[in-house]
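This report concerns only the one structure given below.
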Amino acid sequence: MHDTAHAIGRLFFETYFPGRAIAILDIGSQSINGSLRDCAPAGSLYTGVDLVAGPGVDIVLESPPYLPFGDRSFDAVVSSSAFEHDPAFWLTFIEMLRVTKAGGLVYVNSPSNGEYHRYPGDNWRFYPDAAVALAEWARQQGHDAELVESFIARRRADQWNDCVMVFRLGAGDLPVARRIVDSLPDARNIRRGAAGAVERQERQTEDMLLLAEAQARLAARERELAEIAAELRQVQAKLSALVPDWVGFDC
């Protein structure tokens, strides 16, 4: 798990379930350099499922995307760095909603930007508007899913930009006091619910922005070098003017 996925997962639990022991289901739970299990509130009942056995996997799914749990079983259903590998993430999403309690939350963190990485396939990249589409898809499938927030997080030490999406099942009339994005002043393309304007809108990906910054720095250095070269030519011309043309003498 890369740095921002771990940090934002921790923020999810701290923001929406502060100090509460809850029932959590993790989709794609295998621990690779850590997992969201590390961030869960103390005392929580944590269940991890994945396609293969490994650290952090309590149940290996036999018939994905079907989840072997009853309706309304978990307070929070989370998935980090897994939707990009899921060939039919929209079906998995519906299953996640099915097993979420009324008023519970579904948290998805998946790349918006980053390298091609096949585990076993690398199929998708996500933008915050994907959350609006998923909420609408959920309603079409009979689930009262409300988009709470979605945004793109800035990278830190690693290459990844995370698209974060949080949904609430039912209880849409209850206000949301605080969101993850309130703790991330450098996040962009922010949606607070499905309606309204996109905050801190940025059309370019962070790779594009970093490339533009690097090109601007290179152009500035090239201008500096050109100015230095011009100054050297001027100094050489002055030195040449100071050297007399000596006349040779025969001895």
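Compute the acute angle (0 to 90°) between the alpha-carbon long axis of helix 3-16 and the principal axis of greatest extent of the alpha-carbon atoms of the chain; round to the nearest 10°. Value to nearest ten degrees: 40.
Coordinate range of the alpha-carbon atoms in the chain per principal axis, descending: 113, 41, 33 Å.
Loop-located GluC sites (Glu not before Pro) in the stretch 37-136 (DSSP state other than H, G, I, E, B) with a sparse environment of at most 10 neighbouring Cβ atoms within 10 Å: Glu62, Glu115.
Amide H to amide H, with H built 1.01 Å from N, Asp26 comes under 5 Å of Thr47, Gly48, Val49, Val78, counting only residues 5 or more places away or on other chains.
Taking the helices alone, the chain has a mean residue ellipticity at 222 nm of -10000 deg cm²/dmol, built from -39,500 (n - 2.57) per DSSP H run of at least 4 residues and averaged over all its residues. Relative to the longest principal axis of the C-alpha atoms of the chain, give the angle of the C-alpha long axis of helix 206-242, reported between 0 and 90° and rounded to the nearest 10°. Long axis of 206-242 versus the principal axis of the chain: about 10 degrees.
Among the trypsin sites (Lys or Arg not before Pro) in the stretch 46-147, those placed in a DSSP loop whose Cβ has at most 11 other Cβ atoms within 10 Å are Arg118. Helix 89-98 axis versus longest C-alpha principal axis of the chain: approximately 40°, rounded to the nearest ten. The gain in end-to-end length when the Glu213 to Asp71 segment is fully stretched comes to 46.2 nm, 0.36 nm per residue minus the alpha carbon separation.
Only the coordinates and a few stated rules stand behind these numbers; no lab work does. Fair warning: this is a prediction, and the values are worked out from it, not measured in the lab. Note that each Cβ is placed from the backbone with ideal geometry, even for glycine, and that neighbours are counted across all protein chains shown.
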